[in-house]
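Working notes, beginning with the structure itself.
The values are calculated or read from the model by the stated rules, or taken from the named source; none is laboratory data. Just so it is clear, the structure is predicted and the values come from calculations on it, not from any experiment. As a convention, Cβ positions derive from the backbone with ideal geometry for all residues, glycine included, and neighbour counts pool all protein chains shown. Each accessible area value is taken on the protein alone, full model and side chains, heavy atoms only, with ligands, DNA and RNA left out. Shrake-Rupley method; radii C 1.70, N 1.55, O 1.52, S 1.80 Å.
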Amino acid sequence: MEMNQYMSIFIDEANDHLQSLNENMLRLEQQPEDIGIVQVIFRSAHTLKGMSATMGFEDLASLTHEMENVLDLVRNGKLAMNGTIFDTLFKGLDALEGMVQDVVAGGTGKRDVADLVARLKAIVKGDVESQGSGAKAAAQETPASLTLDQFQQSVLIQSLESGHQAYFIEVTVREDCLLKAARAYMVFDVLEKHGEVVKSHPSVQDIEQEKFERSFTVYYITKTDEQTLADQVSRVSEIESVRMKAVDKSSLQEMNRAPEAPSSPAAATVRETAAAAAPAASAPPAPQQPEGSSPRSAPATGGGAVPRTIRVDIERLDSLMNLFSELLIDRVRLEQLASEVRRADLTETVEHMARVSSDLQNIVLKLRMVPVDSVFNRFPRMVRDLAKSLDKKVDLVITGAETELDRTVIDEIGDPLVHLIRNSVDHGVEPIADRTQAGKPETGTIHLRAYHSGNHVFIEIEDDGRGINRPKVLETAIKRGVLTAEAAKSLSDDEVNMLLFAAGFSTADKVSDISGRGVGLDVVKSKIESLGGHVSVTSTFGKGTKFSIQLPLTLSIISAMLIKLGPEKYAFPLSSIVETASVKREDIRTLHGTRIVEYRNTIVPVVSLAELVESPHYRDDGETETEMLVVRKGDKLAAVLVDEFIGQSEIVLKTLGKYLTNLDLVSGATILGDGQVALIVDPNALIK
Amino acid sequence: MAEELKVIVFTLANEEYGIEVDKVKTIERMAPITRVPKTPPFVKGVMNLRGVVVPVIDLRGRFGLPETEPTENSRIIIVSANDLEVGFIVDSANDVLDVMSDTIENPPEVVGGIKAKYLSGVAKVGEDRLLILLHLAEVLNRSEIIQLERFGSES
């Protein structure tokens with residue numbers, strides 16, 4: 001079978017399952033009694049095992065298998081979770097992640113898992129000798145119990161009354177059966193030719209998705225006699241056995257009363273099926289199973305209602321966006337034509353199209369938005385491991401994980417956040433002894449928040465740790481030569497805090513394995529600034545520190561000022577423009593060879609855009625009065641002389657491609673309404 | 001066994017050249033090009049190719065041939081190789097030919113004023129038609145541009 005086409009699906013799903021395993025393991029660690037979580041974990045592990053085996057990743061499958069064995073014992077209450085088991089399972093997860101990453105990188109996903117497998121086996125054996133396999137075997141033999149709701153019962157009773165036969169059928173497929181779902185489907189096909197399936201367990205959907213072990217059961221009404229039916233069904237290949245039991249009225253009525261008693265296995269399964277049918281939350285704790293009822297036949301709800309999504313290649317979204325912007329250009333042309341033609345029905349149509357296309361624009365832009373959760377979700381695990389290795393107690397509280405950000409920003413924001421969170425765990429939160437001494441609770445708390453505000457998304461990382469020690473920061477800064485002792489005295493608290501982001505600065509006394517490896521917060525700062533964002537820090541000594549990151553909602557659309565130089569058009573990002581004005585030629589003076597102009601009582605250097613871009617069509621020296629843009633970089637200003645202002649506009653950012661790089665003056669390009677390309681001037685290049 | 005190679009044929013200063021067809025994305029008529037400042041003279045600027053901004057270079061200028069004003073026949077061939085997407089302005093582009101790999105010979109030192117390192121070979125098509133095959137990776141080599149930039153800033 002050609003496997004390559006399934007590879008990307010495998011990788012995506014494997015990553016999803018690993019993520020869900022990680023999350024649920026963490027939840028379980030908080031609530032070790034909750035068997036529901038174990039069920040969810042078990043299902044993920046089981047699916048992962050199946051997928052890996054199908055794709056031929058034996059090591060992946062065998063390790064998952066061992067983990068599954070341990071989980072199986074846990075969910076059957078034969079094994080209590082403890083620290084060692086958690087650690088081993090987490091190690092197992094890490095190994096699995098490593099293998100999947102290897103597969104992603106084109107490797108074979110092979111890895112020596114013998115040690116881990118041995119440890120997992122030891123856990124299985126250590127506590128419950130031989131019961132491990134015994135329990136499994138027993139579980140498989142237990143027939144799936146199956147109950148009916150009132151409607152189904154009345155259907156069965158009525159059918160019986162009208163002379164039909166009702167059967168309870170259990171079909172078991174062979175162990176080596178490769179296409180269980182297909183075989184099951186064939187069985188259903190046979191059954192449906194001769195009668196009607198009233199109820200099946202697991203549900204038909206689950207069976208179709210192979211979410212069953214080796215057997216499934218149905219309630220069935222037919223006029224065909226038992227023998228013929230059994231013959232027909234067992235003719236389907238790879239079916240091991242078919243057990244049929246006639247159902248009569250009295251046994252149905254018996255069942256009717258059963259749900260009244262909540263502890264009976266029947267009731268449990270009724271609840272089970274209800275859970276399977278209801279579109280539950282993403283990880284519903286499966287209903288607790290009474291001991292001894294059939295654990296193996298737990299409905300594979302697969303984590304409940306999976307959000308109805310499809311995976312789309314980001315390149316396709318980009319080309320959708322490109323095509324859409326072409327459409328916008330045509331729209332502008334049409335609008336122009338319509339205004340020339342002046343026909344009411346044409347104008348009306350064009351206006352309608354304009355409305356539709358602006359709605360479409362919103363949707364296209366939204367498509368690129370991803371919840372920050374996709375970055376946040378790996379942090380709980382990271383914080384847990386960090387805290388453990390540092391012997392600290394840390395709670396990570398995440399709020400606003402559903403906040404959406406542009407995909408390109410999401411892709412880039414991960415590393416800086418990892419850095420800041422590591423920083424908070426390592427340098428922020430104190431060791432337990434220090435915390436008790438300071439009268440704080442033993443467990444430190446780190447808040448990770450995300451929220452929208454205006455055209456920006458804010459991400460905050462706040463810890464209740466020791467805070468920033470001003471004298472120590474200053475001491476280090478002076479020692480590292482970041483600033484002089486003189487300058488240090490006049491700094492405000494905020495300025496001192498910002499020193500943390502200075503290049504080559506690290507306040508940790510010891511270089512630890514976790515943070516402070518030379519690459520400091522300066523990398524975080526430059527990364528965030530390259531995304532058009534901003535990072536700041538506030539802190540109260542002894543109380544805690546808060547890092548706050550401000551990010552643009554999207555990188556692909558910015559507000560810009562369009563200007564003209566003769567026939568050429570350029571765009572300036574509005575964020576860097578302070579003011580537009582016009583200046584008389586005689587007001588531009590020369591000072592030490594630099595041209596300057598007085599602007600609001602300050603002296604501002606003058607830059608001629610025409611000279612900088614070597615405009616072949618336009619010179620500003622000839623004009624008596626020139627338009628100027630006052631632009632800003634940090635606290636420095638410059639006046640840029642231009643020919644003419646066109647106006648303010650929302651523009652879609654495009655790169656110039658990889659062929660043209662090292663263009664210090666131009667940061668990108670955009671396509672204007674007339675289909676032509678305009679270059680975006682990088683204001684930072686204008687101010688030296 | 002000789003393999004068949006499909007090439008797009010274009011002309012440049014009365015010589016015929018070929019680019020493998022799978023490297024060519026589209027062929028466009030001349031379109032408005034936006035000048036990009038501080039680039040080598042043969043970089044004509046960037047154009048809008050259905051929503052994607054693509055750099056355009058004049059192949060005559062790239063090879064040091066005298067540049068001419070675009071005519072009715074001028075075309076922009078959009079090629080993509082080494083992750084780069086670039087448009088070539090050529091005098092005309094009008095043919096797709098099958099070239100047998102055994103008719104391709106190593107290029108002589110200089111063909112039509114173009115250095116051999118930009119060429120991957122010369123193919124004989126029919127009786128007396130010679131097709132010069134471009135070595136795209138070398139034509140798109142950026143290190144040379146960087147050298148040119150340096151050269152430009154020093155002079």
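Some observations on this one:
- Aspartates and glutamates whose Cα lies under 13 Å from that of B:K6, excluding same-chain neighbours fewer than 8 positions away: B:E20, B:D22, B:D95, B:D98
- B:M47, A:M353, ranked by accessible area, largest first (probe 1.4 Å): A:M353, B:M47
- Cα-Cα pairs of the stretch A:598-637 separated by more than 12 Å (percent): 67
- Ratio Rg/Rh, restricted to the stretch A:557-685 and using Cα atoms, in which Rh is the Kirkwood radius: 0.96
- Under 5 Å, built H, 5+ apart or other chain: amide partners of A:I646: A:L562, A:I563, A:K564
- Candidate cross-link partners of A:K658 among the aspartates and glutamates, defined by an alpha-carbon separation under 12 Å and a same-chain spacing of 8 or more, comprise B:D83, B:E85.
- Spatially proximal lysines relative to A:K489 (Cα-Cα < 22 Å; intrachain offsets below 8 disregarded): A:K472, A:K479
- The stretch A:650-666 versus the stretch A:16-95: alpha-carbon centroid distance in Å: 47
- 1.4 Å probe accessible area per residue over the stretch A:327-427, in Å²: 54
- Ratio Rg/Rh [Cα only; Rh per Kirkwood] for the stretch A:609-688: 0.96
- Cα gyration tensor category, rounded, prolate or oblate, for the stretch A:314-357 with a/c compared to 1.5: prolate
- Taking B:T39, A:T64, A:T594 and ordering them by how much accessible surface each has at a 1.4 Å probe, largest first, produces A:T594, B:T39, A:T64.
- Judged by the mean number of other Cβ atoms found within 10 Å, the most tightly packed of the peptides A:359-366, A:611-618, A:117-124, A:668-675 leads the ranking A:668-675, A:117-124, A:611-618, A:359-366.
- Entries of A:K527/A:K633; A:K388/A:K525; A:K78/A:K180; A:K393/A:K440 with Cα pairs more than 19 Å apart: A:K388/A:K525; A:K78/A:K180
- Accessible area that becomes buried as B packs against A, both chains, 1.4 Å probe, Å², nearest 100: 2300
- The stretch A:1-133 - convex hull of the alpha-carbon atoms, volume per residue in Å³: 94
- Fluctuation leader among B:R62, B:R50, B:R35 - chain B, Gaussian network, Cα springs under 10 angstrom: B:R50
- Once the convex hull of all Cα atoms in the stretch B:4-154 is built, its volume per residue stands at 119 Å³.
- Ellipsoid semi-axes in whole angstrom, largest first, where each is sqrt(5λ) of the Cα gyration tensor of the stretch A:416-479: 25, 19, 10
- Its residue count N fixes a reference of 2.2 N^0.38 Å for the stretch A:371-552, and the Cα radius of gyration divided by that reference is 1.01.
- The share of Cα pairs per 5 Å bin across the stretch A:298-407, counted from zero up to the longest distance, runs 2, 9, 12, 12, 11, 11, 10, 9, 7, 5, 5, 3, 2, 2, 1, 0 percent.
- Those residues of the stretch B:14-48 for which accessible area with every protein chain present is at least 10 Å² below the isolated value (1.4 Å probe): B:P32, B:T34, B:R35, B:V36, B:P37, B:K38, B:T39, B:V43, B:V46, B:N48
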